[in-house]
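Read the figures in this text as sums done on the coordinates, not as results from a lab. No experiment lies behind these values; they were computed from the predicted model shown. For neighbour counting, all protein chains shown are included, and Cβ atoms are generated from backbone atoms with ideal geometry for every residue, glycine included.
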Amino acid sequence: MIYVQMLLSFLQIGLFSFGGGYAALPLIDSQIVKLHGWLTMTEFTDVLTISQMTPGPIAINAATFVGMRIAGAAGALAATLGCILPSTVVAIVLAKIYYKYREMSVMKGVMNGLRPAVVAMIASAGLSIMIQALWADGVVSFAADKMDFIAAAIFIASLIVLRIFKPNQIIVMAAAGVIGGAAYLLL
Amino acid sequence: METQKLNKLKLFLTLFFSTLKISAFTFGGGYVIVPLLQKKFVEGLGWIDEEEMLDLVAIAQSTPGPLAINASLLIGYRMAGIAGALVTVLGTVLPPFVIMSVVSVFYIAFRDNVIVSAVLKGMQAAVAAVILDVVITMAHNVIKDKRIFPVLIMIAAFAAAAVFDINVVFIIIICGVLGALFMRPGKGEEK
């Protein structure tokens, strides 16, 4: 029963969270914390913190975390499945429509309008990650005590390496983790 | 027939392991996966061109649920139909699922570990660089066609998202409608 409940709860979270991980937060809050009481507010905040520290979408992380703590591995599976089921179905339907009508002039127009917007939204997401990485309190300032110079150095070095040598990005991120981690611990 | 089967198997394995590896490194929200997918499938494997990749990301954003899952799924679907979509979803879900399952057991120790947080802080700065790198390449491609409309849309959408914090759903709808009205092929704007 708990498995069905979890599946249904996360099905709603998956179905109604449009536009990126943070859109899922109020839904997770209302379903998981307020409605079912599967997490306390403190645990919910912890899930967010850990989600920042582990790879993957917040909704998936929350689903796995809640499922695991409330009903073990089977619970985690049910919650995660619920979370991805709606998007899987909707995405496949939209993809079918896109590939069927992509040669139509209206569809081409829509996509011509969307492409530059997508670039802009990726840029916007990148900007918030950059601000978060370089300024601990989220306010852009070049004062010596406000800016994280280790992060700034890693950011600039990574960008130069990426632009010039075009290496595998995963290697750059892993190297930044090792070098940056050592710098934070030692300096 | 045998070689066809073998090629199909190879395709599924490549889809699975590529998304698995990429997903394990998408720290900090769904958009981070886009540059990684772009690098692998557009530049590395050359399976999808950049324009189609942007279309797939646009579709992923128009779909509810996590962007990272949707984007991988669409690439899988594009390459190998519904079976391909299931393979890439599995590849994308597995790393966070496994990591989170383990972390949920001793999460307080993980959350408060100084080494973990130092490494992650270092990585976050590189993640920002990875996104910026791809944005530079993509924005350049929008600008180099020297058409005013796409550039205006790009600037307006950036302002809407970054400055005014407008929900992406609205940005998508408005830009899609503008495109349908003013950017259809043969309207003078488009090739």
Q. In a shell of Cβ-Cβ distance under 13 Å around B:Ile33, excluding B:Ile33 itself, what net charge do Lys and Arg (+1) and Asp and Glu (-1) give?
A. +3
Q. Can you give the average number of partner chain beta-carbon atoms within 10 Å of each beta-carbon in peptide A:72-84, as a whole number?
A. 2
Q. By a straight-distance test (C-alpha under 16 Å), which lysines pair with A:Lys108 as possible cross-link partners, with residues fewer than eight away in the same chain excluded?
A. A:Lys96, A:Lys100, B:Lys187, B:Lys191
Q. Between the helical axis of B:114-144 and the dominant principal axis of chain B, each derived from Cα atoms, what acute angle in degrees is found, rounded to the nearest 10?
A. 20 degrees
Q. What angle, in degrees between 0 and 90 and rounded to the nearest 10, separates the Cα long axis of helix B:148-158 from the longest principal axis of the Cα atoms of chain B?
A. 40 degrees
**Q.** Cα long-axis angle, helix B:168-182 against chain B (0 to 90 degrees, to the nearest 10)
**A.** 30 degrees
Q) Taking B:Lys40 as the anchor, which aspartates and glutamates have their alpha carbon closer than 20 Å to its alpha carbon, excluding any fewer than eight residues away along the same chain? A) B:Asp49, B:Glu50, B:Glu51, B:Glu52, B:Asp55, B:Asp133
Q: Assuming a ≥ b ≥ c are the square roots of the Cα gyration tensor eigenvalues, decide whether segment A:103-180 counts as rounded (a/c under 1.5), prolate (otherwise, with a/b larger than b/c) or oblate.
A: oblate
Q. Add -39500 (n - 2.57) for each DSSP H run of 4 or more in chain B, then divide by its residues: what number comes out at 222 nm, to the nearest 500 deg cm²/dmol?
A. -25000 deg cm²/dmol
